[in-house]
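For reference, the structure discussed in these notes is given below.
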Amino acid sequence: MEKLSENALRILQERYLLKGKDGSFQESPEEMFRRVAHAIAKAETKWGGEEESKSWEASFFEMMSNLYFLPNSPTLMNAGTGRGQLSACFVLPVEDSLEGIFETLKQAALVHQNGGGTGFNFSRLRPAGDRLNTYGGFASGPISFIKLYDFATEQVKQGGRRRGANMGILNVNHPDILEFIKLRVNGKPLQNFNLSVGITDDFMEAVLLDKEWDLMHPNSGRAIRTVGARLIWEEILNNAWESGNPGLIFLDTINRSNPIIQLGKIQATNPCGEVPLMDYESCNLGSINLSKFVKEKELDWGLLSETVHKAVRFLDNVIEVNNYPSSNIEQATKGNRKIGLGVMGWAEMLIQLETPYDSEEAEDMAKNIMKFIQEESFLASSKLAEERGNFDNWNKSVYYPDQKMRNATRTSIAPTGTISILANTSSSIEPLFGLAFQRRKVLNGQNLTSINDFFIKKLKEKGLFFQEILDLISIDGSCLKIKELPDKFKSVFKTALEIDPKWHLKHQIAFQQFTENAVSKTVNLPSSAGLEDISEIYKLAWEWKAKGITVFRNDTGREQVLYKGIKE
Ligand code: UDP
């Protein structure tokens, strides 16, 4: 078992390890990994004997306790505890009826209670002020129901161990779209939602050609108002500049690679955007810690292949032993059996290979690695299909009839916000945020500070380990101004805000090209960035076929989680 970092231990103790009624720990971190390995390997008994289950249990334990792979938080928290919801990602429908709206709210509360996040597209709701048939009143519209969902999430959060997160989407042709775009700036309390505008290709073309744009009634399909497409675009930019919201989701790009389009179009994603899902579908995630796969400045492809195969099996087993909050969710999830295997520690892998994040070499490497993971997970899932059968809707999917497949999708790049701390590595495919940085108010209101281990290690390797250097990076998390460090060294340790936003996007696209689901990525912008910068990134994201895009402007005085430097 790999030694865990101080921050990892603090998080595990606060939220993951089982506790008795008196607050005493019922398990150690090692026992937690054993509990999870045991619960997930139990699924094996459905197809094999006890022996097989035991041997997979040992294998899963090793993969997690070595920090090669970790499943999403709900699996770590809940597997084998009787609180059986193991997935992080859900999408629920919002029907245009009071009954539908409250039924979905109830299901969302149950999902949040056990650490999952929910995404919704509110576009089926009639606009505010529309006449209601039954009692002759007026509809309150999508915005008011988003606020209601936000308020409910806030209440459920009080009892849970993890913030219930939501994604709220409104399509760009909904009559209430302009109010939706301003929602985050005007609606300060709306803290439990990420907001995204559902964008179509024809809207982007209308923006580029400065055309008029129809806002349509969702029920009749009639245009009830026409505005300039650029007016909407500019409102999006203004608000994204101010608050980071709304982001965009590109619905046509998503549906072009929807593997079971026969079942209908995908309209929404989970909260951080990495999994586009049909109504009632859920998806469980897991991430490979790439920082562990560099041996003697080379990538260990054999170990990576082995880990991908084990991880796919693990994630397919999760679907089997999962407890679902409702029968609709169980049915939809088992019908397609989507899993999302991704990566974390990408920046720390590049550092070990002494490759700058903002280089073509890094971009090529991203493509090679993700292509490899995608191909291996494809093989792993089709092998599982030989053993266990195809997913139920296989004969309606793109794999039919030639390719056996257990899981409709296999890859997804999650933010790995917490599991990367547990694995003591950089999150997801993000560059280092700072060589020294703080995560503020993440642990019961307390801060977590980190100094990057690889930075220290490399300083020592090069004979440059001096207290003065540590003091300097403690102030602003950056080493670029330190004269004593060679340029090549500094180029490898550039941090998120020192990397041109286009390079952030290039990494997102490189990984997206070999990921069936989507990539969660924040394109960090300096506080000096203007509307034009956001416009360019948003347009390029669409052109380069991202499935969604989010920007975040740093140091704008708003509350944020990550701060560079560790001096208060
Ligand atoms: N998520 C959530 N609440 C949170 C963090 C995450 O509901 O506070 C969900 C959300 O769907 C997100 C997914 O978990 O997209 C994966 O997030 P992440 O990779 O950061 O989770 P981790 O497994 O690291 O905790």
Among the DSSP beta bridges whose two residues both lie in the chain, what percent are antiparallel, rounded to the nearest 5? 50
Which percent, nearest 5, of DSSP beta bridges in segment 89-269 are antiparallel? 25
Mind checking which of A366, L505, T307 is farthest towards the positive end of the chain's charge dipole, using Cβ charges of +1 (Lys, Arg) and -1 (Asp, Glu) about the Cα centre? T307
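Report the semi-axes of the equivalent ellipsoid for the chain in whole Å, largest first, where each axis is √(5λ) for an eigenvalue λ of the Cα gyration tensor.
Semi-axes from the Cα gyration tensor: 35, 30, 23 Å.
Given a 1.4 Å probe and every protein chain left where it sits, what share in percent of the accessible area of segment 89-269 is carbon and sulfur?
Carbon plus sulfur share of accessible area: 52 percent.
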Can you flag which of K310/K404; K367/K488; K371/K458 are past 26 Å Cα-Cα? K371/K458
If the chain between K460 and E360 were fully stretched, how many nm would it gain, using 0.36 nm times the residue separation less the Cα-Cα distance? 33.2 nm
Neighbour-limited loop hits for GluC sites (Glu not before Pro), segment 417-498 (at most 15 other Cβ within 10 Å; DSSP other than H, G, I, E, B): E484
Would you give the gap between the C-alpha center of segment 262-329 and the C-alpha center of segment 161-216, rounded to a whole Å? 27
So, with +1 on the Cβ of K and R and -1 on the Cβ of D and E, and no other charges, what is the size of the charge dipole of the chain about its Cα centre, to the nearest 20 debye? 980
Assigning unit charges at the beta carbon (Lys, Arg +1; Asp, Glu -1) and nothing else, what dipole magnitude in debye, to the nearest 20, does segment 313-384 show about its Cα centre? 660
Percent accessible area from carbon and sulfur atoms, segment 395-545, protein chains only, probe 1.4 Å: 51
When we measure straight from the Cα of K539, which aspartates and glutamates land under 19 angstrom away, once same-chain ones fewer than 8 places off are left out? D201, D202, E205, D210, E212, E234, E235, E242, D252, D500
Could you list, bin by bin from short to long, the percent of Cα-Cα pairs of segment 89-269 in 10 Å steps? 9, 36, 37, 16, 2, 0
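Please sort by residue number the trypsin sites (Lys or Arg not before Pro) in segment 4-56 whose DSSP state is loop and whose Cβ has at most 10 other Cβ atoms within 10 Å.
Counting only loop positions with at most 10 other Cβ atoms within 10 Å, the trypsin sites (Lys or Arg not before Pro) in segment 4-56 are K21.
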For n ≥ 4 DSSP H runs only, could you compute -39500 (n - 2.57) per run for the chain, divide by its residues and tell me the 222 nm figure to the nearest 500? -12500 deg cm²/dmol
Can you find, among W241, A108, S257, the residue farthest towards the positive end of the dipole of segment 89-269? Put +1 on the C-beta of Lys and Arg, -1 on that of Asp and Glu. A108
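How large is the dipole of segment 89-269 about the Cα centre if only Lys and Arg carry +1 and Asp and Glu carry -1, each at its Cβ, rounded to the nearest 20 debye?
That gives a dipole near 620 debye.
The values are calculated or read from the model by the stated rules, or taken from the named source; none is laboratory data. Note that this is a predicted model, so its numbers are computed, not measured. Note that each Cβ is placed from the backbone with ideal geometry, even for glycine, and that neighbours are counted across all protein chains shown. What goes into the accessible areas is simple: the full protein's heavy atoms, side chains included, and nothing from ligands, DNA or RNA. Shrake-Rupley method; radii C 1.70, N 1.55, O 1.52, S 1.80 Å.
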